[in-house]
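Below: the structure, in structure tokens.
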Amino acid sequence: MGESITTATSSYETFSVDVGRRISTFRPSKKAICSGKIEAYDAENDVHTICFEDDGIVEEMTLDSYRLLETIVATDKPQDDQNNQSVEEADPRLSKKRKKRRRDKSKKNTKTKATKLLRFVSDSNLGQNIAVDVKRMEDVQKGDRIARDFDGIVYFGEVQEVKIGLGEGTDKEHTFVVLFDDGDCYELDSSDMKLAMKLYEACRRSERNDPDIAYKIDKMEKDFNKQKQEILKQLPEQMKQQFLQIGFAQARNGFRPVLFLSPYDVFYPVRTPWLNRFKKTTDPRKVPWIVYWYGQPLQNAFSLVSASNCLSYAKALERGVADLPKDILQKINSGKKLGKSEEKLQHIWAQIEADIHKAPADRIPFVKPKEDHEMIQSGQRLFMEIEAELDRMTKTCDVMSS
């Protein structure tokens, strides 16, 4: 059987690896899912110290589960032009393989409506004599989706790496590194991988035969669009007019170029803290603006900035901050060599000059993320995958609040 990457010899190492990381977890005092930063972990008492983002309060609590939010980060802090490290450069731990960061899944007991359905699929379709066609192990690739049954609870995941060991031809040993959607990482051998692929295919087959699946996906899309319209209509017109427009925002070293974004242009780890702020704000004019900083690595290119610290491109021209800094212009005009930070600013201004002439939708410098219903419609995810994750988080909230 496949072994977890994390051994059971050091629970402290398992949990302390995430100290300093941003997470999303259930907060009993608020009875809601909240985002925060793990400040410390007491291994002896199994207690995490977390500083929550919405109110800055530090709480000590025992975490049953949590979701990492390390991929994309939205911050309220102004950008520092001298501190442009990527996430991996700033914290070498992030470039390492992820270890299983919580207790064995076999000890969890959060069976939900979705996982019960998946358990039925597992029991009914994965007998040794049931024919469920899957690709050969040597054809498995990075990005392939799988499902694995951990003591009656089905978790979905994605192949991150395929390791090929000794042997020749079809006799070669294969090991598969799988990152599950809840953040845990496991190594599976060929036997486990074959069962995991069979379970995923059985889920796909069951979903394909569900007479209500079209209705479910349509309802998910309608619910999303309804919520989206309700939120957008509450936003100030001044903000909405600037979506996908180039502007400037206050940074540590003055105003710097940004692209103003809608909450529905960005990734969930950016949208979620913005939504938390939006729900708490009684005055729509105080809702923070989402900005993308030109020239920053994607991992730390987003910020939530107050409207008073944002300028439209026209306002920036009026205030004389829309041009490349004068000292850099003087160096360029005199033929002097620019420093690295100066070259970076020159590149940023060249980029905004090019983007001004683009259609607004073409200015987004990253692949716009798909919503849940869009991922299902495109075949990237099963309805079961998304429903199972939502049900699992809801169940966690119910258990911890009771």
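The values are calculated or read from the model by the stated rules, or taken from the named source; none is laboratory data. Because the structure is predicted, anything quoted here is derived from the model rather than measured. With ideal geometry, Cβ positions are generated from the backbone for all residues, glycine too; neighbour counts draw on all protein chains shown. To get the accessible areas, we keep the full protein, side chains included, count just its heavy atoms, and leave off ligands, DNA and RNA. Shrake-Rupley method; radii C 1.70, N 1.55, O 1.52, S 1.80 Å.
For this structure, a couple of remarks:
- Dipole check for the stretch 335-390: with +1 at the C-beta of Lys and Arg, -1 at the C-beta of Asp and Glu, and the Cα centre as origin, the magnitude is about 600 Debye.
- Rolled with a 1.4 Å probe across the full set of protein chains, the surface gives E318 an accessible area near 140 Å².
- Within the accessible area of the stretch 164-266 (1.4 Å probe), percent carbon and sulfur: 46
- Extension gain for D42 to T282 (0.36 nm times residue separation, less C-alpha to C-alpha distance): 82.6 nm.
- 3J(HN,Hα) couplings calculated from phi for the stretch 143-154 with the Karplus curve 6.51 cos²θ - 1.76 cosθ + 1.60 (θ = phi - 60°) are, in sequence order, x, 5, 8, 9, 9, 10, 8, 9, 6, x, 10, 8 Hz; Gly and Pro show x.
- FRET efficiency for E343 and R319, using Cβ-Cβ distance with R0 set to 25 Å, rounded to 0.05: 0.50
- Backbone amide hydrogens, once placed in the peptide plane, bring D54 within less than 5 Å of S35, excluding anything fewer than 5 places away on its chain.
- Label point distance in nm, D151-L179, each placed 7 Å from Cα along Cα→Cβ: 2.6
- Relative frequency of Cα-Cα separations exceeding 26 Å in the stretch 170-323, percent: 51
- Too-long pairs where the Cα-Cα distance tops 21 Å, listed order kept, from K228/K315; K240/K358; K233/K280: K228/K315
- Computed lengthening from L275 to E59, 0.36 nm per intervening residue step minus Cα-Cα distance: 75.6 nm
- Whole-number accessible area per residue in Å² for the stretch 141-213, which is evaluated in the context of all protein chains at 1.4 Å: 46
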